[in-house]
Amino acid sequence: MSKQTERFVKGALILSLAGILAKVISMFFRIPLVHLVGNEGAGYYTTVYPIFSLLIAIGIVGIPSAISKLIAEDIAVGAHKRAHKTFRDALILSIIFGASVSLLLFFGADTLISLGGWGKETKYVIWGLAPAPLFVCISGVIRGYFQGYQKMKPTAISQIVENFGKVLIGISLVYILIHQGFSMEQAVGGAAIGATTGIVLASVYMMISYKVSRKGYQKAIDLDNSKQTDSFGQHVKRIIVLAIPVSIATAAMSIMNFIDSSTIYHQMAKIGYDQHFVAEVMGQFGNAASVINFPLIISVALSISIIPAISESMTKRNTVELNKKISQGIKIAVMIALPAAAGLYLLARPVMILLYPSADGYQYLQWYSICLVFIIVGQTITGILQGISKQNMPLIALAAAIVVKVVLNLLLIPTALEAEGAVISSVCFYIVFVFVNYLILKKHVTFKLDKGGIFIKPLLATAAMMVLVYFAFPGFMSIFHSNAVVTLLTIGLGVTLYFVILLFTRTFTREELSLLPKHATIIRFLESKKLIK
């Protein structure tokens, strides 16, 4: 395996594992929140969070991606001074932007509520989240700096710190406020304060990490004899040109959720539902979305990690390595997406019962699971397009998808489908987004996909897994009579069968397996059985 490919896949692996752990921790936020304040209370949080996510997308994804790309390009040609100047200027820009968004949320809460048709109860959530954008943007710059050097560990640890802080502080505040006699909406505001606290803690960790590692990077800066001529304005322009398009494109799910929170209240009111009922529905939406967010963590990690890796290959004009990374990125995306989507579709009801007080909203999870395939592949292709300096192109796909989403929401929600129409339109949104992005990628890069390894073999393995899950769940239930035990057992068996089939069909390559613990032993064993290429 080349060093470039090894760094890319290891980076994706580190971020994926940390993301999974962070999401497991985060589940202890959503689940107890629903138990404490019900679907309606959680619905107030779900209603506000999409606009919050949209506003901070530039800090979470845009700025880190832009900085990582710019720094990767600079260090590829030995321009370490320029890389550090880019970092410093980005930090100033981010502080200004983050502070502006924080002020907007705090003082513009009433305006947001009016525009969205939300209940006044959501104001406490908006206020609780208001300070977060400033700290998101600060940590985003530092994350981008580390990612530009393809060092993913600080980002990974900060994700865990953030979610641990959110759960510990947020749920504690909700519990205390409820038992002190505060209203449900005020208690949900406490959950928002917890989310902000987690972000602050993650930012502090990133600042400490940067200070500790600064000496190592300083050596390379001191040895760089090139002249630094780029001004603050030039750096800001470079960052904005990269950050805004990728923020919008990779925030596709936040945009989709924002369209829902902005239209569902108005459209459901047309057929006679009040704000409290719609908040209940939004809570169910949030419950379903939190489940699909688990596999999405892996795809986000993949898209983040692939940007500097592909950017480096482009800068060095290494077309062989570039094509390999594109194919590898799409392959990993498909291998994650197919079994996750199929499993969640079949087990939507028992999974909801496992995690929440009831199965309410499981039908939304089924539709979201179909979305999952297109979300994961779409995020990966967006990352690839940014890596080849075509970061504006996904905006074309996104614009087309937004039109489809808005039109279908307006048409479907006021019908007998009600809120389910919004989820159906979300599936259509992502189909359009992925299809257009893929056409754009094919236009700008010549690459060949291994259709057998990327599509056919994972599809066959997924189909076999679905058959097992379909029959195993009722069979195990007749023996164990426990939803939790049977659901977890069925998931375990399904995942095992899926990967066994992939092994026996020789889907994995040595490069992919070389990143596993004890990989030398595993590879020797599989080679002796002729199970890898």
Self-check item: Pairs with Cβ under 9 Å, 6+ apart, first in segment 356-368 and touching a residue at least 12 places away in the same chain (Cβ under 8 Å), second acidic (Asp, Glu)
Solution: Asp360/Glu280; Gln363/Glu420; Tyr364/Glu420; Trp367/Glu420
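Conditions tested, residue by residue: (1) touching a His at 6+ places or on another chain (Cβ under 7 Å); (2) of a type in the set (Phe, Trp, Tyr); (3) buried (at least 22 other Cβ atoms within 10 Å of the Cβ); (4) in a helix (DSSP H, G or I).
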{"residue": "Ile336", "(1), (2), (3), (4)": "no, no, yes, yes"}
{"residue": "Pro339", "(1), (2), (3), (4)": "no, no, yes, yes"}
{"residue": "Leu344", "(1), (2), (3), (4)": "no, no, yes, yes"}
{"residue": "Arg349", "(1), (2), (3), (4)": "no, no, no, yes"}
{"residue": "Met352", "(1), (2), (3), (4)": "no, no, yes, yes"}
{"residue": "Asp360", "(1), (2), (3), (4)": "no, no, no, no"}
{"residue": "Tyr364", "(1), (2), (3), (4)": "no, yes, yes, yes"}
{"residue": "Trp367", "(1), (2), (3), (4)": "no, yes, no, yes"}
{"residue": "Ile370", "(1), (2), (3), (4)": "no, no, no, yes"}
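Residues checked against (1) under 30 Å from Tyr273 (Cβ atoms); (2) modelled with pLDDT of 90 or more; (3) in the same structural domain as Lys219 (by TED's automatic domain parsing); (4) of a type outside the set (A, V, I, L, M, F, W, C):
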{"position": "Tyr44", "(1), (2), (3), (4)": "yes, yes, yes, yes"}
{"position": "Leu93", "(1), (2), (3), (4)": "no, no, yes, no"}
{"position": "Val101", "(1), (2), (3), (4)": "no, yes, yes, no"}
{"position": "Ala130", "(1), (2), (3), (4)": "yes, yes, yes, no"}
Quiz item: What do you reckon, is Phe135 among the aromatic types (Phe, Trp, Tyr), in a helix (DSSP H, G or I) and assigned by TED's automatic domain parsing to the domain that holds Val24?
Solution: yes
Quiz item: From the list Val423, Val404, Val445, which one is more than 25 Å from Tyr265 (Cα to Cα) and either surrounded by fewer than 23 Cβ atoms within 10 Å (Cβ to Cβ) or under 20 Å from the mean Cα position of the chain (by Cα) (or both)?
Solution: Val445
Quiz item: Taking the condition surrounded by fewer than 24 Cβ atoms within 10 Å (Cβ to Cβ), at pLDDT 85 or above and of a type in the set (Gly, Ala, Ser), does Ala109 pass?
Solution: yes
Exercise. Among the residues of segment 113-132, write down those that are part of a loop (DSSP other than H, G, I, E, B) and buried (at least 22 other Cβ atoms within 10 Å of the Cβ).
Key: Trp118, Ala130
Quiz item: Do we find a residue being closer than 25 Å to Thr155 by Cβ, touching a Leu at 6+ places or on another chain (Cβ under 9 Å) and assigned by TED's automatic domain parsing to the domain that holds Ala156 anywhere in segment 109-122?
Solution: no
Practice problem: Take Lys448 and decide whether it is under 18 Å from Met335 (Cα atoms) and modelled with pLDDT under 85. | Solution: yes
Quiz item: Applying the selection to segment 484-533, what residues are of a type in the set (D, E, K, R) and either closer than 30 Å to Pro350 by Cα or at pLDDT below 80 (or both)?
Solution: Arg510, Glu511, Glu512, Lys518, Lys529, Lys530, Lys533
Quiz prompt | Given (1) in contact with a Gly (Cβ under 7 Å, 6 or more places away or on another chain); (2) closer than 24 Å to Leu168 by Cα, index of the condition Ile31 fails | solution = (1)
Quiz item: Of everything in segment 146-204 that's outside any helix (DSSP H, G or I) and either on the phi > 0 side of the Ramachandran plot or modelled with pLDDT of 90 or more (or both), which residue is surrounded by the fewest Cβ atoms within 10 Å (Cβ to Cβ)?
Solution: Gly181
Quiz prompt | Complete set of residues in segment 74-91 that are at pLDDT below 80, out of contact with any Lys or Arg (no Cβ under 8 Å at 6 or more places or on another chain) and in a helix (DSSP H, G or I) | solution = Ile75, His80
Quiz item: Of the residues Ile67, Ile71, Ile51, which is within 18 Å of the chain's Cα centre (by Cα) and modelled with pLDDT of 80 or more?
Solution: Ile51
Practice problem: Within segment 460-514, track down each residue that is hydroxyl-bearing (Ser, Thr, Tyr) and not in a helix (DSSP H, G or I). | Solution: Ser482, Thr505, Thr507, Thr509, Ser514
Quiz prompt | Selection from segment 152-176 of residues that are without any contact (Cβ under 8 Å) to a residue 24 or more places away in the chain and out of contact with any helix residue (DSSP H, G or I) (no Cβ under 7 Å at 6 or more places or on another chain) | solution = Ser172, Ile176
Quiz item: Within segment 432-445, is even one residue out of contact with any Pro (no Cβ under 8 Å at 6 or more places or on another chain) and more than 30 Å from Thr382 (Cβ to Cβ)?
Solution: no
Quiz item: Among the residues of segment 448-487, which ones are of a type in the set (Gly, Ala, Ser), exposed (fewer than 15 other Cβ atoms within 10 Å of the Cβ) and more than 29 Å from the chain's Cα centre (by Cα)?
Solution: Gly475, Ser478, Ser482
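The values are calculated or read from the model by the stated rules, or taken from the named source; none is laboratory data. Predicted model, so just to flag it, every value in this text is computed and none were measured. Don't worry about glycine lacking a Cβ; one is built from the backbone with ideal geometry, like all the others, and counts go over all protein chains shown.
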